[in-house]
Amino acid sequence: MKYLSTRGNAYAEKSYSAITKGLADDGGLFLPGEIPELDIEEVCAENLSYTDLAHVVLKAYLSDYGEDTLKECIKGAYSKSFNNKKVTPIVKLDNQNYVLELWHGPTAAFKDVALQLLPHLIVEGKKKLGLDEETLILVATSGDTGKAALEGFKDVKGTSVLCFYPKDGVAPLQEIQMNTQQGENVHVVSVEGNFDDTQTGVKNIFSDSANIEKLRQMGKAFSSANSINFGRLCPQIVYYFSAYCQLVLAGEIAIGEQIDVVVPTGNFGNILAGWYAKKMGVPIGKLICASNKNNILTEFLSSGTYDANRELHKTVSPSMDILISSNLERLLFEALGRNALETKSLMEQLKKEGRYSLEADAQNRIRMDFEGGYASEDDTMKAIKEVWDKYNYLVDTHTAVAFSVSEKTPSNGNKRILVSTANPYKFPGSVLRALGIEADADDFKNIEALENFTDTKAPRSISALKQAKTRHNMTAAKDKMAEAMYKVLKK
Ligand SMILES: *Cc1c(COP(=O)(O)O)cnc(C)c1O
């Protein structure tokens, strides 16, 4: 399989090269030269384990790795670190609604599904490319990505991770998760500034040729674990296959019957993986894109204009507080008939003017597969309470956005899968408040209160944080992030 850049059709890279590089040299995103198709009936009939299913789906994209190498990578990612045998289990709420739980990995959020596999793909990719420098993964995080990257890359040979987060811009438990991170090759630094400052700082480090040269002399090279990497996207396609087959095998749907999926969306990675699954042959009708108060995608899907000239709201679903959904570029490229020049020009317009509009044809192509909706802060909190009262099922603030949007989206008769992206115990304060209980400033007290009230249990990885030792406590001014990097690397 050849990989192309969204901004220049001339590219033809192997999958391991696209994944190891992360971003194409022309600034575009890599995507597969064609979308492979699988026979869903055959795939489901075999009742495969998650790892075997992952192999069937992923070898269609990553055959350059070689069958055995790919199998080893998949085994390394999923055979031990998820606390559910199905890895991404389906939970039935009623005859119409099913939840796909994506948070059974080590950090209790869905980013584990991709970030448990990506390090293996990068390590093997480097071997194939004959690169022997150490890969330094730089991450700017508003919470979930940072922890999932630290967990995924910890003690992976030939790599190290440095994670920057805004001092006052992550949830308390997320900060504890990062600062207690184990592993010999992991570093965490908080930044005196907001998420934008942090992300800008990381981008500046990445693009400074003096830094690149200095690191080269230290035997290191930068890479990114951000969701613009196709290696983050393809592992997510697998769970849409798994979800569909689980429903078929449980007798909930007939093979071939269409289902809809509702996906709480920020950077458009998760829902785009669903679109790939649909194109590969999973009978998905509509992909319903659920946004929080930052409803730029809802507007885009209805008007065809993407307009980032607005204020970013801080919400109770912080992992979806995003104005530039980078993965949308891949969908644009497809909707424009794989026209790299037009895609490039839209992206340049977005950078310069903060907005662009799509022509009617491309809009219609997107609307055949996608529908959008959003939840206000109030809607989100109400949804947590309603879902709990109705189904005795506890959802986090991100999943609640999907429930609220699903409620507002008229049914077309298809059964729905609501994609659940985080365990509710990652955001215990907000969830408690939604249930009408006063929350404490101390999240460990909130966890206890939530356990008592709902008679459910926090995952071990979260409750164990109470005893965990702080291992990282460096803080950097926002214009001193590079200095902080050299300091931790020398330690
Ligand atoms: C990252 C994240 C999202 C958004 O996913 P995208 O792939 O960026 O659209 C939603 N919920 C949670 C809990 C997340 O961590």
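The values are calculated or read from the model by the stated rules, or taken from the named source; none is laboratory data. Predicted model, so just to flag it, every value in this text is computed and none were measured. Cβ coordinates were reconstructed from backbone atoms using ideal geometry, including for glycine residues, and neighbour counts include every protein chain displayed.
Hey, can you tell me all the residues within region 71-100 that are touching a Gly at 6+ places or on another chain (Cβ under 7 Å) and aromatic (F, W, Y)?
Answer for region 71-100, where residues must be touching a Gly at 6+ places or on another chain (Cβ under 7 Å) and aromatic (F, W, Y): just F82.
May I ask you to list the residues in region 255-279 that are part of a strand (DSSP E or B) and more than 8 Å from the ligand (Cβ to nearest atom)?
I259, D260, V261, V262
Residues of region 335-356 being free of Cβ contacts under 8 Å to residues at least 12 places away in the same chain, farther than 22 Å from M368 by Cβ and not in a helix (DSSP H, G or I), which ones?
Residues satisfying the conditions do not exist here.
When you check T265 against the structure, is it surrounded by 20 or more Cβ atoms within 10 Å (Cβ to Cβ), under 26 Å from T135 (Cα atoms) and touching a strand residue (DSSP E or B) at 6+ places or on another chain (Cβ under 8 Å), yes or no? Give the derivation first.
On the way: surrounded by 20 or more Cβ atoms within 10 Å (Cβ to Cβ): yes; under 26 Å from T135 (Cα atoms): no; touching a strand residue (DSSP E or B) at 6+ places or on another chain (Cβ under 8 Å): yes.
Answer is no for this residue.
Working carefully through the options K487, K385, K480, find the one that is over 24 Å from T107 (Cα atoms) and in contact with a Leu (Cβ under 8 Å, 6 or more places away or on another chain).
Just one listed residue meets the conditions, K385.
Inspect all residues belonging to region 183-194 and state whether any of them is in a helix (DSSP H, G or I) and either touching a Phe, Trp or Tyr at 6+ places or on another chain (Cβ under 8 Å) or within 25 Å of L272 (Cβ to Cβ) (or both).
Taking region 183-194 and keeping what is in a helix (DSSP H, G or I), we get none.
So far as region 183-194 goes, no, none of its residues is in a helix (DSSP H, G or I) and either touching a Phe, Trp or Tyr at 6+ places or on another chain (Cβ under 8 Å) or within 25 Å of L272 (Cβ to Cβ) (or both).
Output the qualifying pairs, or none if there are none: Cβ atoms under 6 angstrom, residues six or more apart or on different chains, first residue in region 418-433 and closer than 22 Å to K286 by Cα, second residue aromatic (F, W, Y) and within 9 Å of the ligand (Cβ to nearest atom).
Pairs that qualify, where the first residue is closer than 22 Å to K286 by Cα and the partner is aromatic (F, W, Y) and within 9 Å of the ligand (Cβ to nearest atom), are T421/F110.
Filter region 316-329 for residues that are buried (at least 22 other Cβ atoms within 10 Å of the Cβ) and hydroxyl-bearing (S, T, Y); which is nearest to the ligand (Cβ to nearest atom)?
S319
What pairs come up if the first residue lies in region 294-323 and is among the aliphatic types (A, V, I, L, M), the second is within 14 Å of the ligand (Cβ to nearest atom) and part of a helix (DSSP H, G or I), and their beta carbons are under 7 Å apart, counting only those six or more places apart or on different chains?
A308/I296; V316/T380; V316/T397; V316/S430; M320/H398; M320/V401; L323/I296
In region 388-427, what count of residues is obtained for those that are surrounded by fewer than 24 Cβ atoms within 10 Å (Cβ to Cβ), assigned to a helix (DSSP H, G or I), within 16 Å of the ligand (Cβ to nearest atom) and of a type in the set (A, V, I, L, M, F, W, C)?
Number satisfying all stated conditions: 0.
Restricting to region 431-449, what's the tally of residues that are within 17 Å of E386 (Cβ to Cβ) and surrounded by fewer than 24 Cβ atoms within 10 Å (Cβ to Cβ)?
5
Among the listed residues S463, S430, which satisfies the condition of being farther than 25 Å from N270 by Cβ, assigned to a helix (DSSP H, G or I) and under 26 Å from the mean Cα position of the chain (by Cα)?
After applying the criteria, what remains is S463.
On the basis of being touching a helix residue (DSSP H, G or I) at 6+ places or on another chain (Cβ under 9 Å) and either farther than 29 Å from D321 by Cβ or at pLDDT below 95 (or both), does Y244 make the cut?
yes
Output the number of residues of region 150-171 satisfying the condition of being modelled with pLDDT under 90 and either over 22 Å from T475 (Cα atoms) or in contact with a helix residue (DSSP H, G or I) (Cβ under 6 Å, 6 or more places away or on another chain) (or both).
Adding up the residues that qualify gives 1.
Do we find that T380 is within 23 Å of P89 (Cα to Cα), buried (at least 17 other Cβ atoms within 10 Å of the Cβ), within 14 Å of the ligand (Cβ to nearest atom) and polar (S, T, N, Q) in this structure?
Here the answer is no, as T380 does not meet what is asked.
Quick one: which of G201, G193 is in contact (Cβ under 8 Å) with a residue 24 or more places away in the chain, over 23 Å from G76 (Cβ atoms) and either surrounded by fewer than 24 Cβ atoms within 10 Å (Cβ to Cβ) or touching a Cys at 6+ places or on another chain (Cβ under 7 Å) (or both)?
Answer to the selection: G193.
How many residues does region 224-246 contain that are assigned to a helix (DSSP H, G or I) and either under 10 Å from the mean Cα position of the chain (by Cα) or farther than 19 Å from S406 by Cα (or both)? Reasoning before the result, please.
Kept after step one, since they are assigned to a helix (DSSP H, G or I), are these residues of region 224-246: 230-246.
Next, from what is left, pick out any that are either under 10 Å from the mean Cα position of the chain (by Cα) or farther than 19 Å from S406 by Cα (or both): 230-239, 241-242, 245-246.
Of the residues in that region, 14 qualify.
Here are some conditions: (1) of a type in the set (K, R); (2) under 25 Å from the mean Cα position of the chain (by Cα); (3) closer than 29 Å to H313 by Cβ. K390 meets all but one. Which one does it not meet?
Of (1) of a type in the set (K, R); (2) under 25 Å from the mean Cα position of the chain (by Cα); (3) closer than 29 Å to H313 by Cβ, only one is false for K390: (2).
If you check K126, K86, which single one turns out to be over 30 Å from V248 (Cβ atoms) and touching a residue at least 12 places away in the same chain (Cβ under 8 Å)?
Sole residue among the options that is over 30 Å from V248 (Cβ atoms) and touching a residue at least 12 places away in the same chain (Cβ under 8 Å): K126.
Applying the selection to region 437-460, what residues are in a loop (DSSP other than H, G, I, E, B) and touching a helix residue (DSSP H, G or I) at 6+ places or on another chain (Cβ under 9 Å)?
Answer for region 437-460, where residues must be in a loop (DSSP other than H, G, I, E, B) and touching a helix residue (DSSP H, G or I) at 6+ places or on another chain (Cβ under 9 Å): I437, E438, A439, D440, A441, D442, T456, K457, A458, P459.
Pairs please, first residue from region 461-472 and farther than 18 Å from K445 by Cα, second anywhere and loosely packed, with under 14 Cβ neighbours inside 10 Å, Cβ atoms under 9 Å, 6+ apart in sequence or on different chains.
Filtered contacts from region 461-472: R471/Q182.
Only one of (1) in contact with a helix residue (DSSP H, G or I) (Cβ under 8 Å, 6 or more places away or on another chain); (2) farther than 27 Å from S49 by Cβ is not met by E175, so which one is it?
Evaluating E175 over (1) in contact with a helix residue (DSSP H, G or I) (Cβ under 8 Å, 6 or more places away or on another chain); (2) farther than 27 Å from S49 by Cβ leaves (1) as the failure.
I'd like the full set of residues that are over 23 Å from I19 (Cα atoms), over 20 Å from the mean Cα position of the chain (by Cα) and not polar (S, T, N, Q), limited to region 189-217.
V189, V191, E192, G193, D197, G201, A210, K214, listed by residue number.
Please find, among L332, L312, L301, the residue that is away from the ligand (no atom under 12 Å from the Cβ), out of contact with any helix residue (DSSP H, G or I) (no Cβ under 6 Å at 6 or more places or on another chain) and in a helix (DSSP H, G or I).
Of the residues listed, the single one that is away from the ligand (no atom under 12 Å from the Cβ), out of contact with any helix residue (DSSP H, G or I) (no Cβ under 6 Å at 6 or more places or on another chain) and in a helix (DSSP H, G or I) is L301.
Can you pull out every residue in region 248-299 that is more than 24 Å from T141 (Cβ to Cβ), under 22 Å from the mean Cα position of the chain (by Cα) and polar (S, T, N, Q)?
T298
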